[in-house]
Amino acid sequence: MATFRIMSYHVNGFRTAAGEVNPGLSARVICSQQPDLVMLQQLGAPLVAGTLQDFSEQVGLVAYGPDEGGACIFLSRYPLHNLQDVSLGYGGRCLRADLDLDNERVHLFNLCLSFDPWQRRDQIRVLLSDQLLHQPSLSCATIVCGDFTLPLWGSGQIRISEQLRRARFPLWRANYPSNFPLWGRDRIYFRGPIRALAGSVLATSEARNASPHLPLVLTVESAENRTFLKLKGSVRLRKQPDPVCG
């Protein structure tokens, strides 16, 4: 089993609740929770482009993903592999990667959807297609997180709930708007042998000021569930074994 601490955080272009660009405030919010993996949505606009390297150094994690306005990125304590940045259409983004930890692999999907319900429906169709979540190679535990915008059913939300399960924690999920949270706009979903052991919406004064979205913080555990897959054709021997799905 592998246990690690994750955070999903819509940083709103590093703009504070007052509209000021302040990456340092978001960095302090992240550092206060000491996560192993951070999924950031809505990286800074072009006016703060080039701050990603400095930002990752401030939080003591390695950045993975495009350094451009509106991007989704990962900040990780552990190496990530197989990065894929996919457009969901209508400005929506999804960044996927694989995390190998304790000889187990976890598939990661970090996304930001449109506020428009019709656009979001089409974006979810791409998310659930063979291009992303239904890739045949995705056989391990999976985490899908980010800004899902409206909390209402419909517009693709029912399809997500049919194929993914929402993290049990936090019990109180409202995280938007940060100064007076009314609904859980940001969400974390699982597929396969992985679960949340604990979690919360971070509502400190710094978090309320840093972004209109409060970050979600979870401790997750991937349960060992080893399976043997039938392989077609010859198999090339490797010097070291590949990580086993958790």
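Coordinate-derived values only; no laboratory data. As the structure is a computational prediction, the values presented were derived from the model and not from experiment. Note that each Cβ is placed from the backbone with ideal geometry, even for glycine, and that neighbours are counted across all protein chains shown.
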| field | Spin-label pair residue 206/residue 82, simplified geometry with 7 Å Cα→Cβ offset, distance in nm | value | 3.5
| said: If I fit a long axis through the Cα atoms of helix 117-127 and take the longest principal axis of the Cα atoms of the chain, what angle between them do I get, 0 to 90°, rounded to 10? | reply: 30
| remark: Scoring only Lys, Arg, Asp and Glu (+1, +1, -1, -1) among other residues with Cβ under 11 Å from the Cβ of residue 164 yields +4
| How large is the dipole of region 2-225 about the Cα centre if only Lys and Arg carry +1 and Asp and Glu carry -1, each at its Cβ, rounded to the nearest 20 debye? | 780
| request: Could you work out how far the C-alpha centroid of region 99-113 sits from that of region 184-225, in angstrom? | output: 14
| remark: Taking placed amide H atoms and a strict 5 Å upper bound, the residues 5 or more places from residue 183 or on another chain that come that close are 175, 176
| Theoretical FRET efficiency, 1/(1+(r/R0)^6), r = Cβ-Cβ of residue 116 and residue 139, R0 41 Å, to 0.05 | 0.75
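Which of the peptides 82-93, 4-15 is most tightly packed, and how do the rest follow, judged by the mean count of other Cβ atoms within 10 Å per residue?
Numbers: 82-93: 16.3, 4-15: 22.8.
Peptide ranking by packing, descending: 4-15, 82-93.
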